[in-house]
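J.: Here it is, the structure in full.
Just so it is clear, none of the values below were taken in a lab; they were calculated from the coordinates. Because the structure is a prediction, the values reported are computed rather than measured. Neighbour counts are summed over all protein chains in view; Cβ atoms, including those assigned to glycine, are modelled from backbone coordinates with ideal geometry.
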Amino acid sequence: MSQLYVSTHPLMHHKVTKLRDQSTESRKFRDLVREITILLAYEATNDLGLESVSVQTPLTTTQGFRLQDRIGLVPILRAGLGMVNGIWELMPQAEVWHIGLYRDERTLKPVEYYNKLPVAPTVQVVLILDPMLATGGSATATVDILKRWGAERIKFMGIIGAPEGVAVLQDAHPDVDIYLAALDEHLTPEPTKPGDPPAGFIVPGLGDAGDRQFGTA
Ligand code: PRP
């Protein structure tokens, strides 16, 4: 079974709470997504390979390290886009390969609409970026795509996840570790009366991360 990492850091709790707040406007929401991604990336990259290099300091020559693995970021459009800049601040050389999926509102199944991956993998480690792990369909479909591409080391980075989505992704891909800023309670069920929220939304959640980042709510 894959590793599930859920942050317990006070800064993360503070920022996720601001993200959930319905009064947080788009500009602040985007800032928080970037900051939370930086904090999460610190954990998600803790096993990256290093190679030795020598470095000339102002005083002497010493041995140091540089990252060995080529890193690929795969933001799931649209909402994953906002997480890219956070990781680029830490690893500006990371390649970005976009995957376009949207969740069909009726079936909740992912529908692929954009994929320009090159013929063969160009990176050793792939970080999938999507703020929301709800039913797990989009994340699972993205790992399917990346494995068919030939990616060997894949991790999923999200901001909030539902237990249902975590279970689906872990069942389908037990080799893909999951990093979340918060693990939420459950998904909304099928509505039974007017005014109920649609099915498949994370509770307590933060609404729709794509709409809130891009001001399209
Ligand atoms: C949201 C979210 C995930 C997906 C999660 O995207 O960003 O990609 O739903 O749901 P799942 O785990 O049930 O598959 P959405 O379809 O709203 O598209 P958007 O990012 O373009 O708004």
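J.: With a sphere of radius 13 Å drawn around the Cβ of PRO204, what net charge do the other residues whose Cβ falls strictly inside it have (Lys, Arg +1; Asp, Glu -1)?
T.: With Lys, Arg at +1 and Asp, Glu at -1, the neighbours total -2.
J.: Using Cα pairs under 8 angstrom and six or more residues apart, how large is the relative contact order of the chain, in percent?
T.: Reported as a whole number, the value is 23 percent.
J.: Mind checking which lysines have their Cα closer than 28 Å to the Cα of LYS193? Skip sequence neighbours fewer than 8 apart in that chain.
T.: Here the lysines satisfying the reach criterion relative to LYS193 are LYS109.
J.: Let me ask something else about it. For the chain, what is the mean residue ellipticity at 222 nm derived from helices alone (per DSSP H run of n ≥ 4: -39500 (n - 2.57); sum divided by total residues; nearest 500 deg cm²/dmol)?
T.: Result for the chain: -10000 deg cm²/dmol, rounded to the nearest 500.
J.: Kindly state, to the nearest 0.05, the FRET efficiency for ASP104 paired with SER26, given R0 = 25 Å and r defined as their beta-carbon distance.
T.: 0.50
J.: Something else: Out of all Cα-Cα pairs in the chain, roughly what percent, to the nearest whole number, are more than 25 Å apart?
T.: Distances greater than 25 Å cover 39 percent of the Cα pairs.
J.: How do 173-180, 111-118 rank on mean C-beta neighbours within 10 Å, highest first?
T.: In decreasing order of mean packing, 173-180, 111-118 become 173-180, 111-118.
J.: Now for a different question. What's the FRET efficiency of GLN3 with GLU152 using the Cβ-Cβ distance as r and R₀ = 22 Å, to the nearest 0.05?
T.: Here the calculated transfer efficiency is 0.85.
J.: Around PRO118, with a cut-off of 14 angstrom between Cβ atoms, what is the net charge of the other residues, counting Lys and Arg +1 and Asp and Glu -1?
T.: Value of the local net charge: +2.
J.: Using the beta-carbon distance between ASP211 and THR122 and R0 = 30 Å, what value does 1/(1 + (r/R0)^6) give for FRET efficiency, to the nearest 0.05?
T.: Rounded to the nearest 0.05, the efficiency is 0.40.
J.: Also, quick follow-up: Within straight cross-link reach of LYS116, meaning Cα distance under 28 Å, which lysines are found once same-chain residues fewer than 8 apart are removed?
T.: Hits, sequence-local ones excluded: LYS147, LYS155.
J.: Shifting gears a bit: How would you classify the stretch 69-122 from its alpha-carbon gyration tensor, with a ≥ b ≥ c the square roots of the eigenvalues: rounded for a/c under 1.5, else prolate if a/b is greater than b/c, otherwise oblate?
T.: oblate
J.: Using a 10 Å cut-off on Cβ atoms, rank the peptides 141-153, 41-53, 120-132 from the highest mean neighbour count down.
T.: 120-132, 141-153, 41-53
J.: If you don't mind, there's one more thing I want to ask. Could you name the lysines in cross-link range of LYS18, using Cα to Cα under 21 Å and dropping any fewer than eight places away on the same chain?
T.: Straight-line reach from LYS18, under 21 Å: LYS28.
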